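Below is one structure, written out as structure tokens; the observations come after it.
Just so you know, all these numbers are worked out from the coordinates, no wet-lab data involved. Everything quoted here is computed from the prediction, not taken from an experiment. Cβ sites come from the backbone with ideal geometry, for glycine too, and all protein chains shown count toward neighbours.
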Amino acid sequence: MDTDDFAGPDLVVAGAGGGLVAAVRAAELGLSVLVIDSNERFRRGNNTSMSTAMIPAMGTRYQREQGIDDSPENFLSDVDKKTGGDFNRVAATSLAEVSTELVEWLADHVGLEISLMTDFIYPGHSVARCHTIPGHSGAAMLSSLASAAEKHELIDILTPATLTEVQATDGQVSGVVISTPDGPEEIPARAVLLATNGYGADPRLVERYMPEIAGAIYYGSEHSRGDALRIGESLGAAVDFLDAYQGHAALAMPSAMLATWATIMHGGFMVGRDGTRYGNEASGYSEYAAVSMAHAAEGSWIIIDERIYDACSGFQDFKDVIDGGGVKWGDNASDLALTIGVDPAGLQQTLEDTRSYTSGASKDPTGRSVWGEPLTGRLAAIRVQPALFHTQGGLRVDEHARVVKESGDVVQGLYAAGGAAAGISGHGAAGYLAGNGLLTALGLSYIAATHAGAAQQG
Ligand SMILES: Cc1cc2nc3c(=O)[nH]c(=O)nc-3n(C[C@H](O)[C@H](O)[C@H](O)COP(=O)(O)OP(=O)(O)OC[C@H]3O[C@@H](n4cnc5c(N)ncnc54)[C@H](O)[C@@H]3O)c2cc1C
């Protein structure tokens, strides 16, 4: 590229979700940035805004304050166990290593009020390492990122503007084509970050790559149409783990809000209409979505008591479930069963069984070992449906978040992050560890911006 003639931004960030981390970080490093998003209401519409703002990081000052000893190696070992060893080790290693810097940068440079989630440990994590913000609100997190981007003089944000093509000359990114209400536009650019999320909103791709969850409710951004896949593949990019996804077994009805999995990890359990449990809920909310698909037609219910209700009340999603009339109460098991239309004898027996597992008097035949306290007193039920939250497969990236071709070469200046990139959750739904979505979205964006900054500023 002739640098004298160059009139475009140093970095185009396509997607104002996790991609905003790249925008702010790159601008801090002196790059001019153009952020585009096809959704002008991205602040409330994308997956980052819908998330519960749980970001895993290992070895942070927040963990040290709580006396928690953690390291990138610990995390990689957890990922290894959760995925059965088949995952994107290159990206996972880079993410594990950058996670502390990322979370502390979010606090110190973006102004997020970060704290460590210590109430319980999400399935598969060996220690408390999910960092979050008050209310666990992804919308508040995204809003802070968007404000930081809007304030920076080196960043322009253009919406609605859809990335349709990335141009490359001699293996180096040279520009983008975008579609706006005024028509298509070509913009020269030195580097591009694809942060347009995955393909959860494309039912044909979901049916093709992850048929087990194809009939579930899709609960993510309507703009996750697989644009990065198409654009990357047109440039020869390799793709990996296209069958990987994050499901969630606990979309509360009728509000279609998230009944946090904290309900389960504090000791709640899930039953079908016959009042009995049908699996090990504590294996993980992602894989349990496919398990509960068999009960989707008649419904499933999470059963909790007042202790768990109080413990979950800090989650904004859970408050919304309460406000939406999603929590039904009963004085005891049979009273509750009659209220929600579940078999009373079945629910009573299940309650007694779970108390026995909790006290250690007997072993749960499904293999669940994490129980918390036994349920006592008044009981509550939340009717839930399984859902697909986002896809985890995508463009292959290297340790700098650069998009890699099948040959192993990179397209110079082309990066991918979040749902656009192949994630670190292996295949299917079972490899997903809580936080893997935001870690790849925010973390790969941070890594890409740091690399682009170094590459362009020498
Ligand atoms: C309810 C819910 C809760 C979740 N909770 C968590 C959590 O606590 N922790 C966690 O780690 N993960 C969580 N996840 C997953 C996490 O939200 C996602 O993995 C992550 O936010 C993806 O970020 P992203 O930047 O790739 O995509 P997004 O945040 O969706 O951003 C992509 C942006 O790209 C735009 N776009 C799409 N195509 C184009 C195009 N061609 N041109 C321009 N713009 C385009 C979209 O409009 C969108 O704004 C949750 C997901 C859901 C649905």
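Starting with the fewest neighbours, write out Met58, Met50 ranked by other beta-carbon atoms found within 10 Å of each beta-carbon. Kindly include the intermediate steps, with their values, before the conclusion.
On the way: Met58 24, Met50 19.
Final ranking by Cβ density, sparse to dense: Met50, Met58.
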Choose one of Ala422, Thr100, His125: the residue whose Cα lies farthest towards the positive end of the charge dipole of the chain (beta-carbon charges +1 Lys, Arg; -1 Asp, Glu; about the Cα centre).
His125
Dipole-positive endmost among Ala297, Phe315, Gly67 within the chain (Cβ charges, Cα centre):
Ala297
The whole-number value in µm²/s of the Stokes-Einstein translational diffusion coefficient for segment 1-137, with Rh from the Kirkwood sum over alpha carbon pairs at 4 °C and 1.567 mPa s, is 77
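Assuming a ≥ b ≥ c are the square roots of the Cα gyration tensor eigenvalues, decide whether segment 1-68 counts as rounded (a/c under 1.5), prolate (otherwise, with a/b larger than b/c) or oblate.
Oblate, because a/c is 1.5 or more while a/b does not exceed b/c.
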DSSP-defined beta bridges in the chain - what % are antiparallel, rounded to 5
70
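Sum up the charges of everything whose Cβ sits under 14 Å from the Cβ of Val404, counting Lys and Arg as +1 and Asp and Glu as -1, but leave Val404 out.
Combined, the nearby Lys, Arg, Asp and Glu give -2.
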Rounded to the nearest whole number, the Stokes-Einstein translational diffusion coefficient of the chain at 25 °C and 0.890 mPa s (Kirkwood radius, C-alpha pairs) in µm²/s is 109
Roughly how many Å is it from the Cα centre of segment 220-299 to that of segment 440-458, as a whole number?
30
What net charge is computed for the residues neighbouring Pro365, neighbours being all others with C-beta under 12 Å from the C-beta of Pro365, Lys and Arg scored +1, Asp and Glu -1?
+1
Among 21-31, 250-260, 113-123, what's the highest-first ranking by average C-beta atoms within 10 angstrom per residue?
21-31, 250-260, 113-123
Given H placed on each backbone N at 1.01 Å, which residues far from Ser32 in sequence or on other chains put an amide H within less than 5 Å of it?
Asp10, Leu11
Taking the Cα centre of segment 352-458 as origin, work out the dipole magnitude from +1 charges on Lys and Arg Cβ and -1 charges on Asp and Glu Cβ, in debye rounded to 20.
240
Taking each pair of distinct Cα atoms in segment 67-192 once, what is the resulting Kirkwood hydrodynamic radius in Å?
18.2
Could you tell me the calculated FRET efficiency between Ser362 and Asp108, based on Cβ-Cβ distance and R0 = 60 angstrom, to the nearest 0.05?
0.75
I'd like the distance separating the alpha-carbon centroids of segment 404-433 and segment 128-152, in whole Å.
24
Could you work out the mean projected area of the convex hull around the alpha carbons of segment 200-270, in square nanometres to one decimal?
6.1
Rg over Rh [alpha-carbon atoms, Kirkwood Rh] for segment 284-417:
1.17
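Computed from the mean reciprocal separation of all distinct C-alpha pairs, what Kirkwood hydrodynamic radius does segment 114-169 have, in Å?
Details: mean 1/r = 0.0669 Å⁻¹.
Here the Kirkwood hydrodynamic radius works out to 14.9 Å.
Work the Kirkwood hydrodynamic radius out for segment 362-431: mean of 1/r over every pair of different alpha-carbon atoms, inverted, in Å. Before the final figure, lay out the partial values.
On the way: mean 1/r = 0.0608 Å⁻¹.
After inverting the mean inverse Cα-Cα distance, the result is 16.5 Å.
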May I ask which residue of Leu433, Gly413, Leu379 lies farthest towards the positive end of the charge dipole of segment 334-458, with charges of +1 (Lys, Arg) and -1 (Asp, Glu) on Cβ and the Cα centre as origin?
Gly413
To the nearest 20 debye, what charge dipole does the chain have about its Cα centre, counting +1 at the Cβ of each Lys and Arg and -1 at the Cβ of each Asp and Glu?
960
For segment 121-243, divide the Cα radius of gyration by the Kirkwood radius and give the resulting Rg/Rh value with two decimals.
1.02
Quick one: in segment 42-106, what % of C-alpha pairs are over 18 Å apart?
48
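Give, rounded to the nearest 20 debye, the magnitude of the charge dipole that segment 159-273 has about its Cα centre when Lys and Arg contribute +1 at Cβ and Asp and Glu contribute -1 at Cβ. Before the final figure, lay out each step's value.
Details: 6 positive and 13 negative charges, 103 e Å.
About 500 debye.
If each residue's Cβ is checked for other Cβ atoms within 10 Å, how do Tyr278, Tyr199 rank with the fewest at the top? If you can, show how the numbers build up before the last one.
Values: Tyr278 16, Tyr199 28.
Least crowded to most crowded, the residues run Tyr278, Tyr199.
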So what's the convex hull volume per residue for the Cα atoms of segment 200-353, in Å³?
121
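Pairs to check: Lys328/Lys363; Lys81/Lys151; Lys82/Lys151. Give those whose C-alpha atoms are more than 31 Å from each other in this structure. Before the final figure, lay out each step's value.
On the way: Lys328/Lys363 29 Å; Lys81/Lys151 42 Å; Lys82/Lys151 40 Å.
Correct reply: Lys81/Lys151; Lys82/Lys151.
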